[in-house]
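A short worksheet on the structure shown next.
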Amino acid sequence: MERIVVLTGAGISRESGLDTFRDADGIWSRYDIDDVCTPAAFRRDPALVDRFYNDRRAELHRVRPNAAHLALARLEEAARTGQWPGELLIVTQNIDDLHERAGSRNVWHMHGELLRVRCTSCGGTPEWHADCLPHTPCPLCGRPTLRPDVVWFGEIPLHMPRIEAALGACDLFVAIGTSGTVYPAAGFAALVEDHADTLEINLDPSAVSGRFERFMTGPATRMVPRWVDEILAG
Ligand code: APR
């Protein structure tokens with residue numbers, strides 16, 4: 001049985017209409033990371049940080065999964081029905097819900113989720129689709145202590161122990177649409193190189209392309225379905 005771990009980044013959602021971070025027209029060309037994506041930024045100006053994520057949440061409601069998300073869901077479904085004798089886990093840096101909307105169930109969001117908020121008083125992470133403002137009360141405990149349920153720079157990504165265990169046990173590691181500049185995700189290829197095959201799918205080589213044995217160049221909507229067809233064909 002083949003065990004595959006796929007790491008996805010902003011590039012897989014680009015063709016759905018969500019901007020990446022570091023491409024020329026990316027989110028970090030319009031915003032400063034230190035203004036909207038650190039714990040200090042939230043302490044300094046919570047309204048600005050809330051507005052940044054409110055805008056992104058509204059944008060997420062206007063887009064749909066693309067052929068790359070759908071192809072990964074198709075592979076997971078093939079595993080579930082026994083059509084493909086393997087296992088697929090998606091570890092995503094993306095805070096969007098496009099993998100889930102495409103039908104994937106085995107998805108771990110290492111940088112959190114845009115459609116949840118986190119209460120710093122009660123620790124709850126309720127689902128959240130509306131705008132959130134600094135004085136919005138937590139629906140679970142009533143205190144006005146909500147923050148985006150996202151991992152900011154300087155914070156520890158989620159699910160790391162189980163992600164490392166899955167990487168340690170995989171046969172194939174595939175990175176799709178990620179620039180390889182943000183750790184720990186950028187270090188995953190190095191973690192698996194002694195026991196797993198590696199494939200990078202991207203428009204351009206990433207910062208860690210040298211760690212991968214194989215590279216598929218092109219837009220995710222074309223390359224990911226092609227790769228899934230290849231796996232299903234055996
Ligand atoms: N198909 C495939 N790859 C693409 C496409 C596409 N259509 N469009 C862009 N890409 C690639 C780019 O070449 C680039 O390598 O997607 C990558 C996007 O890189 P980043 O913008 O850096 O996004 P990501 O790697 O997900 O960023 C990691 O940085 O700011 C943080 O928390 C944020 O999770 C994010 C993390």
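Of all the numbered requirements in (1) near the ligand (Cβ under 10 Å from one of its atoms); (2) exposed (fewer than 14 other Cβ atoms within 10 Å of the Cβ), ALA40 misses one, and that requirement is (1).
Quickly run through segment 103-117 and pick out the residues that are within 16 Å of the ligand (Cβ to nearest atom) and more than 14 Å from the chain's Cα centre (by Cα). Before you say what the answer is, go through the steps one by one.
Step one: of segment 103-117, the residues within 16 Å of the ligand (Cβ to nearest atom) are 107-116.
Scanning segment 103-117 gives a single hit, ARG116.
Residues in segment 12-26 that are modelled with pLDDT of 95 or more, of a type outside the set (D, E, K, R) and more than 6 Å from the ligand (Cβ to nearest atom) were compared, and the one that is farthest from LEU60 (Cα to Cα) is ILE12. Quick one: in segment 205-234, of everything that is over 18 Å from the mean Cα position of the chain (by Cα) and more than 25 Å from ALA102 (Cα to Cα), which residue is surrounded by the fewest Cβ atoms within 10 Å (Cβ to Cβ)? For segment 205-234, the residue satisfying everything is GLY210.
If I filter segment 68-84 for residues that are among the aliphatic types (A, V, I, L, M) and either more than 30 Å from ARG226 (Cα to Cα) or part of a loop (DSSP other than H, G, I, E, B) (or both), do I get at least one hit? Working first, answer last.
Initially, segment 68-84 is screened for residues among the aliphatic types (A, V, I, L, M), giving 68, 70-73, 75, 78-79.
If we keep only those that are either more than 30 Å from ARG226 (Cα to Cα) or part of a loop (DSSP other than H, G, I, E, B) (or both) too, we end up with none.
No: segment 68-84 contains no residue that is among the aliphatic types (A, V, I, L, M) and either more than 30 Å from ARG226 (Cα to Cα) or part of a loop (DSSP other than H, G, I, E, B) (or both).
Reported count of residues in segment 43-57, each being surrounded by 12 or more Cβ atoms within 10 Å (Cβ to Cβ), assigned to a helix (DSSP H, G or I) and free of Cβ contacts under 8 Å to residues at least 24 places away in the same chain, is 4. Quick check: is even one residue across segment 56-68 in contact with a Pro (Cβ under 6 Å, 6 or more places away or on another chain), modelled with pLDDT of 95 or more and away from the ligand (no atom under 16 Å from the Cβ)? The answer is no, given that none of the residues of segment 56-68 is in contact with a Pro (Cβ under 6 Å, 6 or more places away or on another chain), modelled with pLDDT of 95 or more and away from the ligand (no atom under 16 Å from the Cβ). In this entry, LEU172 is excluded by the filter for residues that are surrounded by fewer than 18 Cβ atoms within 10 Å (Cβ to Cβ) and in contact (Cβ under 8 Å) with a residue 40 or more places away in the chain. Tell me, which strands (runs of 3 or more DSSP E) lie completely within segment 134-208 with 3 or more residues that are within 16 Å of the ligand (Cβ to nearest atom) and closer than 30 Å to VAL49 by Cα? Per the criteria, 146-150. Taken over segment 209-234, the criterion of being within 15 Å of the ligand (Cβ to nearest atom) and within 13 Å of ALA67 (Cα to Cα) is satisfied by PRO219, ALA220, THR221, ARG222, MET223, VAL224, PRO225, ARG226, TRP227, VAL228.
The values are calculated or read from the model by the stated rules, or taken from the named source; none is laboratory data. Please read these numbers as outputs of a predicted model, since none were measured by experiment. Cβ: placed from backbone, ideal geometry, glycine included. Neighbour counts: every protein chain shown.
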